[in-house]
Amino acid sequence: MIPDFLVIGSQKAGTTWLDRNLRNHPNIWLPPEKELHFFDFPPLVPFFFLLFAPMRPIRHWAKNRMVRDFAKVREGQQALGWYVSYYFSIRTQHWYLSLFKPAKGQVAGEITPRYAILGEAKIAKVHALVPDAKIIYLLRNPIDRIWSDLAMFHRPKFGSQGLHTADPEAIEKFIGNATHQASSRFLKNLHRWEKYYPPEQIFIGFQEQIRDTPEQLLKDVCLFLGVDASDEHICSMAKQRINSHQYPDIPSDIAYALAKLFISDIEQLHRRFNNPHTAQWLASAQQQLAKGA
């Protein structure tokens, strides 16, 4: 079964909220695992790749994820066969497509927020396999996104005790990492995807919509996917904060550095989308730059 849609990101922009809500729609099917990572992880057996990944935080995250998944199996929430196939099979196209098991009348998709930063060659491979897929991309203030990403990286599930334990050098290294920055370079990412997918196949949402107008955002996504967008399918979970955490405010010196780093991106984003969300991002960045001047 070829997936009908992909949610490609962004990390820390509301993809878990979208995942939880779309699962409640009777005409939408999502895999038991939120992030399949087929297009961005190496073509290795996931169990061995995750447990022996070079980065300790990834290994720690993977162990917790496997424990959680097989707890679901023991409790009868999920079928063992799907997880055995997911964790212990070689990652081929046949393997990937076999993970999708929608019922008749359902559209199928997957949500892996790291897909947004795929290089052009990998996006070409995505398009070759699923040329008609609809692409959903959620955006967030680039500065807030990378700070939230940093804070998540220092949560216990990654083997840390919290952002307060991170030394300034570690914070600087994280923020200076090109891959972490790439997840906030929305237009560059979008331009790569737009080379293969036309505008009518791409939906852009904003994290602020989850806060301010969550039901309408879900209806817009349902309409985009071609499924029933009536109120009866917009559940009460839409107004709940999913995977939300309280993190320390960005220190003024780091906020200034991030504003300098992303001001050009934010200006370009506002020129393209010109909405209240991008206007607020721009005003906030300009305010940080004024403070640090």
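The values are calculated or read from the model by the stated rules, or taken from the named source; none is laboratory data. Everything numeric here is computed off the predicted structure, so don't read it as measured data. As a convention, Cβ positions derive from the backbone with ideal geometry for all residues, glycine included, and neighbour counts pool all protein chains shown.
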Can you pull out the helices (runs of 4 or more DSSP H) entirely within the range 21-89 that have at least 3 residues that are modelled with pLDDT of 75 or more? 56-74, 80-88
How many of the residues making up the range 144-186 are at pLDDT 95 or above and touching a Leu at 6+ places or on another chain (Cβ under 6 Å)? 1
Residues satisfying the stated conditions in the range 125-155, i.e. closer than 18 Å to residue 207 by Cα and part of a helix (DSSP H, G or I): 142, 143, 144, 145, 146, 147, 148, 149, 150, 151, 152
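Can you tell which of 101, 122 is among the charged types (D, E, K, R), outside any helix (DSSP H, G or I), touching a Phe, Trp or Tyr at 6+ places or on another chain (Cβ under 9 Å) and modelled with pLDDT of 85 or more?
Only one candidate qualifies: 101.
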Kindly indicate whether any position in the range 228-248 is modelled with pLDDT of 95 or more, in the same structural domain as residue 177 (by TED's automatic domain parsing) and out of contact with any Lys or Arg (no Cβ under 7 Å at 6 or more places or on another chain). no
